[in-house]
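As structure tokens, the structure follows; a few thoughts come after it.
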Amino acid sequence: MHARTALPFLLLALASPLTHGAEALALQAAQVKALGIVTQAVGSGDESRPGTLPARVLVPNEQMRIVAAPVGGMIEMLAVAPGSRVKRGQLVARLASPQALELQRDALQAGSQSALLQQSLKRDEQLFAEGLIAEARLQATRAAATQAGAQASERRQGLALAGIAPGKLGGPLALISPIDGVVLDQSVQLGQRVESSAPLYRIAQLSPLWLEIQAPLAVAAGLREGMALRLAGSELSGKLIAIGRAVDAASQTVLLRASIARGAETLTPGQVVEVELPAATGSAGSSQRLPTSALIRHDGQTIVFVQIAGDAEGSRFEARPLRLISQGGETAVADGVKPGERIAVKGVSGLKAMLTGVGKE
């Protein structure tokens, strides 16, 4: 019954003239009801918030360190756990390693050999000065001493890289934290056997932190490094430190990186937050947050239907082009409408069909 009643009204609407140079549709009250058109004031409800984009909290690369096993062995003791705060030089684990004993032994032997050949070199230099030995013997002794010294230095450097104290044998290796920070995760268990370079702990300084944001290309184009931003629903603020130059082929977004210093301790690496970008609020406050259900594409433009008149007898809707700034989920941010104007948020497909019919006329 409603469909039969609505049909004449729809035909009448398709023949309605355009007003003010824009495409406008005149509908009677019965038509509005038949099409299920619902309007909403711009700036009401959740859409009154500035536009936001999702961001992921990360630790800056230079503030991250990995504590790894310098040699193969067995985890004999773990001194800290994820979430623990540590100081630089603090003991975090002990590693029992036969390989470490071998390195210590080789270093001691190379040091002893080098010292012995240095003594031989001094003696031969004195004998050569007194004319008691040939120069060839002195040169051979000097070459052997040089080679032994280089080998001893190599062994000492190997000990230093492994974190092993030179000059003594035995005892487990003490592994220490290289920075002040917080233990983010633990990769091994007590008693576990590990290979050389196996990661044990990941330690990080948690201030400042990074935010990585995937922003639509239209948003990124209006941004500059150093611009301020803030976390939605929070007093935390930061600034943009990098704007990517590559566009993701699938999402057509650009990677933004921001830095949060003050208040960073309230955030957790890996956490997903929402940020308000300068372009999302508009340079003059003209951008508005709209439900995506109100938007359509028409003639290569993004359109919204604005109610320019309405009473008990009917309504008039203007098809108004928008400049889309960002879009994600069920909301978008765009220029072209003002706070308080009413837009159609339901029944938009019917209005689009009528608009297309008017355009063909």
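The values are calculated or read from the model by the stated rules, or taken from the named source; none is laboratory data. Given the structure is predicted, the values throughout are model-derived calculations rather than measurements. Heads up, the Cβs are rebuilt from the backbone with ideal geometry, glycines too, and the neighbour counts pull from every protein chain shown.
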Can you pull out every residue in the stretch 55-98 that is assigned to a helix (DSSP H, G or I), among the charged types (D, E, K, R) and more than 30 Å from A258 (Cα to Cα)? none
Here are E235, E274: which of them is more than 15 Å from the chain's Cα centre (by Cα) and acidic (D, E)? E235
Is it the case, given these coordinates, that S234 is surrounded by fewer than 16 Cβ atoms within 10 Å (Cβ to Cβ) and within 22 Å of V59 (Cβ to Cβ)? yes
Scan the stretch 260-274 residue by residue and report those that are touching a Pro at 6+ places or on another chain (Cβ under 9 Å) and either touching a residue at least 60 places away in the same chain (Cβ under 8 Å) or buried (at least 16 other Cβ atoms within 10 Å of the Cβ) (or both). I260, A264, V272, V273, E274
Single match in L295, L351, L324 (criterion: closer than 27 Å to L255 by Cβ, at pLDDT 85 or above and buried (at least 16 other Cβ atoms within 10 Å of the Cβ)): L295
All but one of (1) over 46 Å from the mean Cα position of the chain (by Cα); (2) at pLDDT 95 or above hold for E125, so report the exception by its number. (2)
Give the residues of the stretch 218-232 that are assigned to a strand (DSSP E or B) and over 25 Å from T302 (Cβ atoms), sorted by residue number. A228, R230, L231
